Amino acid sequence: MFQASSFDHIAEHFDRFAELVGGGLDTHLESMLPESGGERAVDLGCGTGRHASLLAGRYRHVLAVDVSAPMLDRAMARRGLPNITYQQRDLREVRADTDGAFDLVLSAYALHHLDDLDQALWHIRQLTAPGGRVVLVDNVAPTPAVPRRWFIGEAIRTLAADLLRRRRPPGQAWELFRLNLDPDWLDHLTTDRFLSPEQFVQRYGAVFPCAAFTALYRARALCWQQPSGARDRQEGR
């Protein structure tokens, strides 16, 4: 089961890693957001606030929650915007009856930490306002556990490709390589458990019918639109 403290000692590492590799996801998320934006958005498992700040450019108010205080401290220090409210909360504690419904519900790379995924997905659906949108992104893998040697090999392959193809400046390529091989980072990655790509589509699709799925690097993304004029009232979920 996920422990909140597992991110506490790697907040700075996580933030810099996301800066180096997160551009592709940012581009994808921007393509998934309504051009007109909206009133209220929520980022569930916001980490250091990278995606909350992206939402703040489109929505009047953004609620961003995370269980890790150091991650939130960094978010508020680096991405503290007037229309973002950061709160230290479990994402499952955000409720439509107390927090209101949201025009956009986002969660990126957080849900695989939960031991009650299906219940959490129904919970997310209930947070969505009529006509609102859900965007969920999470890691996938062929096997639930990915061994340390795979991440080490992938770090070497990434460095070689970065240098040979000049995908990023050499200094950044070596910095990313060092981040990828950090022992604490590897310890965190190897304790994660993942759905396969097929399981992701099956389990997420069961809660969000007719959703659009996109394949990303080691991840899948879902985009689902709540029908206008219909408020979800699933009971017993």
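A short reminder: the numbers here are calculations on the coordinates, not readings from a lab. All values derive from a computational prediction rather than experimental measurement. Virtual Cβ from ideal backbone geometry, glycine too; neighbours counted across all protein chains shown.
Given axes a ≥ b ≥ c from the Cα gyration tensor, I'd like to know whether the range 1-98 is rounded (a/c under 1.5), prolate (a/b larger than b/c) or oblate.
Oblate, because a/c is 1.5 or more while a/b does not exceed b/c.
Check each of the GluC sites (Glu not before Pro) in the range 129-237 and keep only those in coil by DSSP with at most 12 other C-beta atoms within 10 angstrom; list them in order.
Counting only loop positions with at most 12 other Cβ atoms within 10 Å, the GluC sites (Glu not before Pro) in the range 129-237 are 235.
How long is the gain from residue 214 to residue 13 if the chain were fully straight, where each residue apart is worth 0.36 nm and the alpha carbon distance is subtracted? Numbers along the way, then the final one.
Details: separation 201, 0.36 × 201 = 72.36 nm, distance 2.71 nm.
Taking 0.36 nm per residue and subtracting the Cα distance, the gain is 69.6 nm.
In whole Hz, with x marking every Gly and Pro, tabulate ³J(HN,Hα) for the range 32-44 from phi via Karplus 6.51 cos²θ - 1.76 cosθ + 1.60, θ = phi - 60°.
Coupling constants for the range 32-44: 8, 7, x, 4, 7, x, x, 7, 10, 9, 10, 10, 8 Hz.
Jot down the radius of gyration and Dmax of the range 102-149, Cα atoms only, both in angstrom.
That works out to 13.3, 46 Å for Rg and Dmax.
For a quick check of your reading of the filter: which trypsin sites (Lys or Arg not before Pro) in the range 178-232 sit in a DSSP loop and have no more than 16 other Cβ atoms within 10 Å? Present the calculation step by step, with values, prior to reporting the outcome.
Details: sites: 178, 193, 203, 218, 220, 231; in loops: 193, 218, 231.
Loop-located and lightly packed - 193, 218, 231.
Please figure out what share of the DSSP beta bridges in the chain is antiparallel and state it in percent, rounded to the nearest 5.
35 percent
Using only the alpha carbons, work out the radius of gyration and Dmax of the chain in angstrom.
17.7, 54
Would you work out the relative contact order for the chain, in percent, from Cα pairs under 8 angstrom that are 6 or more residues apart?
Taking the mean separation of contacting Cα pairs over the length of the chain, I get 20 percent.
Rounded to the nearest whole Å³, what is the per residue volume of the convex hull around the Cα atoms of the range 74-181?
Cα-based convex hull of the range 74-181, divided per residue, equals 181 Å³.
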